[in-house]
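Novice: Below is a structure I'd like to ask you about.
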Amino acid sequence: MRIRIATRGSKLSLIQTRIVMDMIRRVEPNVQFDIVIVRTTGDIIQDKPLYAIGVKGVFEKEVNLALLRNEADIAVHSLKDLPSELSPGLVIAGFSPRDPPYDVLVTRSEDPWNLSSLPSGARVGTSSVRRRAFLLNARPDLTIDVIRGNVDTRINKLINGQYDAIVIAEAGLVRLIQDVGKLGIRYERIPPDVLPPAPGQGIIAVVVRERDTDLIDLLKRASDQRARAEALAERAFLRSVGGGCHVPVGGVAISNDDKLEFIAGIASVDGRRKRVIRVSGPLSDPEGVGIKAAKELLSGWDNQTN
C-alpha cells in the first residue's frame with residue numbers, strides 16, 4: 001500500500017507528517033509514503049497578520065486542494081488551523097495523540113518573567129486575535145505587536161531582542177525543540193482560564209476524501225481515541241460559536257476517565273471584557289459537550305452586552 005501525503009514544507013509540518021506516518025505504520029507496517037510539499041498562502045504572505053490576509057484557512061486551503069485534484073491521498077494539518085467547515089467532499093479521519101493544548105509565554109533565559117511579572121510596556125509578539133484580546137485583558141499595560149513566521153523565525157526574533165516575549169502554542173514548541181534551554185529561552189504555560197487555547201490545538205489532524213473509505217477505516221484504527229473525542233467536542237464548539245481563527249474565542253476539552261471537561265472563553269477585541277466558563281459531560285457524547293459549552297458561553301456573553 002502506498003499513500004501520498006500533502007503537507008506544508010515547514011520543519012514543524014514535516015515533523016507532524018512523520019508523527020502521522022508512525023501512527024499509520026503501527027497498524028499497517030508495510031505501508032509506503034510519498035510526501036507532497038504544498039506552499040500555502042499563509043507561508044507566502046509574511047508581512048501581514050493572519051486576520052488581514054482575507055483568506056479563510058490560510059494554512060489549509062492549498063494543502064487540501066491537493067486531495068481534491070487527486071495529487072495526494074491524505075493531508076496533514078495542525079487541527080487548530082482547520083476552519084470549522086471543510087471543503088465539500090473532505091473529512092477529518094485521523095487524530096494524533098494530543099500534545100499539550102495550551103499557549104506559552106516564551107522569554108529569553110536571562111529574563112525570567114511570567115505573564116504577571118512582565119514589565120509594563122513590554123513588547124509581546126503574537127499574530128492571533130484570540131491571544132491579543134485575552135493578553136490585553138490580563139495585562140492591558142503590555143504592547144501587543146504582530147509577529148509572523150514559523151516557530152524558528154519567531155524564536156530568533158525574540159532572541160535578537162525584537163520582542164520581550166512571544167506567545168505560541170506549547171505543542172509546536174515541544175515538537176520542534178527538545179531542549180529550549182540550549183537556545184537561551186524559557187517558557188511558561190498560560191492557564192486556560194487566562195488564555196483559553198484555540199480549539200484543536202495540540203492535535204494533528206489527517207484529512208481525506210470522504211469517498212476513500214479504506215483510508216478512513218485505516219486512519220480510524222490509527223487514531224488516538226481520547227484525542228478524537230476532545231477534537232470532536234472542540235470542533236462542535238467552534239461550529240456552534242460560529243467563529244474561526246479571527247474571533248477572540250477559545251476552548252479546550254479535557255478527557256478524564258469517562259468525562260469531558262470543557263473550558264471556554266470569549267473576549268472583546270480590545271480585551272476590556274472577558275467571559276470564561278466550564279462545563280462537563282459524558283465522554284461518549286463529545287459533540288454534545290462542545291455544543292453545551294458554546295451555548296453557555298454565548299448566553300452569558302449576550303447578557304453582558306445587553
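Novice: Run the simple label-point estimate for residue 71 and residue 256 please: 7 Å along Cα→C-beta, distance reported in nm.
Specialist: Taking the two extended label points, one gets 4.6 nm.
Novice: Now for a different question. Can you list the residues, at least 5 places off or on another chain, whose amide H is less than 5 Å from the amide H of residue 8, using H built in the peptide plane?
Specialist: Excluding prolines and chain starts, which carry no amide H, the hits are 38.
Novice: Quick one: plug the Kirkwood hydrodynamic radius of region 47-177 (C-alpha pairs) into Stokes-Einstein at 10 °C, 1.306 mPa s, and report D in µm²/s. Let's see the in-between values first.
Specialist: Working: Rh = 16.6 Å.
My calculation gives 96 µm²/s for D.
Novice: Out of the DSSP beta bridges found with both residues in the chain, what percent are antiparallel (nearest 5)?
Specialist: If I count the DSSP bridges inside the chain, around 75 percent turn out antiparallel.
Novice: Using only the C-alpha atoms of region 173-305, find the volume of their convex hull and express it per residue in Å³. If you can, show how the numbers build up before the last one.
Specialist: Details: hull volume 19.9 nm³, N = 133.
Expressed per residue, the convex hull around the Cα atoms of region 173-305 is 150 Å³.
Novice: Which one, 125, 174, 202, projects farthest toward the positive side of the charge dipole computed for region 70-226 from Cβ point charges (K/R +1, D/E -1)?
Specialist: With unit charges placed on the Cβ atoms, the residue in question is 125.
Novice: Please report, in debye to the nearest 20, how large the charge dipole of the chain is about its Cα centre when each Lys and Arg carries +1 at its beta carbon and each Asp and Glu carries -1 there. Provide the component values of the computation, followed by the final result.
Specialist: Numbers: 43 positive and 38 negative charges, 78 e Å.
Around 380 debye, computed over the chain.
Novice: Which trypsin sites (Lys or Arg not before Pro) does region 216-306 hold that lie in a coil by DSSP with at most 16 other beta carbons within 10 Å?
Specialist: Details: sites: 220, 221, 226, 228, 235, 239, 259, 272, 273, 274, 275, 278, 292, 295; in loops: 272, 273.
Passing sites in region 216-306 are 272, 273.
Novice: Which is the longest run of the chain containing none of the GluC sites (Glu not before Pro) found in DSSP loop states (not H, G, I, E, B) with at most 16 other C-beta atoms within 10 Å? List each step's numbers first, then the result.
Specialist: Values: sites that count: 71, 85, 110, 210.
That gives 111-209 as the longest site-free run.
Novice: Work out how far the C-alpha atoms of the chain reach from end to end along every principal axis, then list the three figures in whole Å, largest first.
Specialist: The Cα atoms of the chain stretch 57, 44, 37 Å along their principal axes.
Novice: Between residue 143 and residue 295, how high is the FRET efficiency from 1/(1 + (r/R0)^6) when r is the Cβ-Cβ distance and R₀ = 22 Å? Nearest 0.05. Numbers along the way, then the final one.
Specialist: On the way: r = 36 Å, r/R0 = 1.62.
With a Förster radius of 22 Å, E is 0.05.
Novice: Starting from the coordinates of the alpha-carbon atoms of region 195-251, obtain the Kirkwood hydrodynamic radius over all distinct pairs and give the value in Å to one decimal. Before the final figure, lay out each step's value.
Specialist: On the way: mean 1/r = 0.0787 Å⁻¹.
Across region 195-251, the inverse of the average 1/r is 12.7 Å.
Novice: What FRET efficiency do you get for residue 1 and residue 278 if R0 is 45 Å and r is their Cβ-Cβ distance, rounded to the nearest 0.05?
Specialist: Details: r = 44 Å, r/R0 = 0.97.
Step by step, r from the Cβ atoms, then E = 0.55.
Novice: Can you tell me the mean projection area, over all orientations, of the convex hull of region 91-237's alpha carbons? Units nm², please.
Specialist: Details: hull surface 38.3 nm².
Across all orientations, region 91-237 yields a mean hull projection of 9.6 nm².
Novice: On to the next question. Using Cα atoms only, what is the angle between the long axis of helix 225-241 and the major principal axis of the chain, expressed in degrees (0 to 90) to the nearest 10?
Specialist: Compared with the principal axis, the helix lies near 60 degrees.
Novice: Specify the angular offset, from 0 to 90 degrees and rounded to the nearest 10, of the alpha carbon long axis of helix 11-27 from the longest principal axis of the alpha carbons in the chain.
Specialist: Between helix and principal axis, roughly 40 degrees.
Novice: Which percent, to the nearest 5, of DSSP beta bridges fully inside region 103-189 are antiparallel?
Specialist: Values: 9 of 14 bridges.
Within region 103-189, antiparallel bridges account for around 65 percent of the total.
Novice: Further, regarding this structure: Can you give me the Cα centroid spacing of region 58-86 and region 188-228 in angstrom?
Specialist: First find each Cα centre; the distance between them is then 13 Å.
Novice: With N denoting the number of residues in region 103-189, provide Rg(C-alpha) divided by 2.2 N^0.38 Å, to two decimal places. Intermediate results must be reported in sequence, preceding the final value.
Specialist: Working: Rg = 11.7 Å, N = 87, 2.2 N^0.38 = 12.0 Å.
Dividing the Cα radius of gyration by 2.2 N^0.38 Å gives 0.98.
Bear in mind that the values in this text are calculations on the coordinates, not laboratory data. As the structure is a prediction and not an experimental result, all values here were calculated from the model. Positions of Cβ are generated from backbone atoms using ideal geometry, with glycine treated the same way; all protein chains shown enter the neighbour counts.
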